[in-house]
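Every number here is computed from the coordinates shown, using simple stated rules; none is lab data. Since the structure is predicted, the reported quantities are computational estimates derived from the model, not experimental observations. With ideal geometry, Cβ positions are generated from the backbone for all residues, glycine too; neighbour counts draw on all protein chains shown.
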Amino acid sequence: MKENAIWAIVGLMGAALLAIILLQAYWINGAITLNESQFDKQIHEALTRVATGLKEFEDEELDSKKPISRGGLSMTMAGSSLLKSDDLIISKGFEVSGLQQDETAKMNAKLIQELYKTRKPERIEDRIDRKYLRDYLDRELKNRGINIGYEYGVLSNFTNQFEIQNGHYLISGFSEEEVTEMPEDNNSVLRKSEYEVDLFTTDINSPGKLVVYFPQKSSIVWGGNVWRTLIAAFISTLIVLCCFLYTVKVIFTQKKLSEMKTDFINNMTHEFKTPIATISLAADSITNPTILSNEDKIKRFAKIIKQENKRMNNQVEKVLQMASLDKEDFDLNVTSLNLHEIIEQAATNARLQVERKEGEVTTDLKAKDAYIEGDLTHISNIINNLLDNANKYSPEKPKISVHTRNVRGGVEVIVSDHGIGMNKEALKHIFDKFYRVHTGNLHDVKGFGLGLSYVKAMMVAHKGQINVKSELGKGSTFILTFSKKFRKTA
């Protein structure tokens, strides 16, 4: 699949996932808005009912007062100083001697109406029983299923101050247990509250307001199924997102692996093509009648066939070896080894190739104790592979050096070159199977891209470590750390 097609699919999947997230956010926001609307409605209903109850409570108090006489009229006191005009106190229901009942009622209603209009404003705290207010407010809220903490206050429209707050009077003239000094910040949150209702609205001007503030309002707004929906949406979205990212990663990994395998097949074809052609040519030459009579030429061609066959076998062995490493189907023949001897032998073999390019291989073996435990064949292959790579990726006059030193618990081997080096992207993949560092327009670097993958696998098998440092155009350095004692995995 082409890369553009992959990115198109990723874009569509990403857009669909984003649409799902936005849709879930819309639904959750709708649920929160609905909960808040219902909460607001319930609070306003409760406050309205409390305001009505305070008015009814005041009326009942007025009706309970005893009869008095004034101007030849016999009246039943139904009000306190709230309905005073000079020395006259009018009730909602009173008896007047010498008058008919209907006329009495009309006079009563008219007098009450006039007195409501002309009486002096009374302090609102004089008209409210703080305990009754608290009990009534609690009951109305609980009847509507609102069981969270709250603060409340009665704000005077004449003084613009809270006269009652959270069950206490904030003025003088009351007993100490009834009066308290409330912090200013409590007043500030109440003043900003959106939940308020006018009190005693039958007056010409309402004397004050009942204000309620809910510090834990969010617990109601976010309650119910909102939190469960939010958590379920978050978890499901996270799972889908993780699966999406993993799928994208797999797609690109498989694409890259496919490209590397294609490159591997091309390299393998190239590597096999030359020895096959050589063997074919040598076989044709042997069957030539003019060659059959020449024993030396027959031996020469037979030797060529044998060498090329061995070369092909080595290439096949590398591929099979990597398959075994993947399955961990191999056994290590662990013995005591002298790393310096292995390095010197590998350096001697490498010099034959390096000197053809007018290069050099130097060794600086400073480890005082170079003995480790490991498999001789695999340890030798590790060093040989690194030297071979250093030669391959040093186009002109290779300069390769090998250093050793003792470190805590083992021996460190450093293989450096002054070749083409690698960029950061290449460093991430050099130990991947079939990966080969790009050499620009150079096509003379042979191999399957299995060497460093093998080196990494063998270092892990020997419980060692491998690190690499490289700079493009300046060369690479491989740092191997071998443990002195081989620790078998249980």
field: Phi to ³J(HN,Hα) by Karplus 6.51 cos²θ - 1.76 cosθ + 1.60 over the stretch 157-165, Hz, x for Gly, Pro
entry: 6, 8, 9, 6, 10, 7, 9, 10, 8
- prompt: Taking the stretch 331-483 on its own, what percent of its Cα-Cα pair distances exceed 25 Å?
  reply: 25 percent
- request: Could you rank the peptides 135-141, 306-312 by their average count of other C-beta atoms within 10 Å per residue, with the highest value first?
  value: 135-141, 306-312
statement: For the Arg405, Asp284 Cβ pair and Förster radius 56 Å, calculated FRET efficiency rounded to 0.05 is 0.55
message: Highest mean first, how do 401-410, 146-155, 235-244 rank when packing is the count of other Cβ atoms within 10 Å averaged over residues?
response: 146-155, 401-410, 235-244
field: Pairs beyond 26 Å (Cα-Cα), from Lys273/Lys392; Lys249/Lys433; Lys273/Lys310; Lys261/Lys306
entry: Lys261/Lys306
query: Each residue of the stretch 297-304 in order: what ³J(HN,Hα) in whole Hz does its phi give by Karplus 6.51 cos²θ - 1.76 cosθ + 1.60, θ = phi - 60°, with x for Gly and Pro?
result: 5, 4, 5, 5, 5, 5, 5, 4
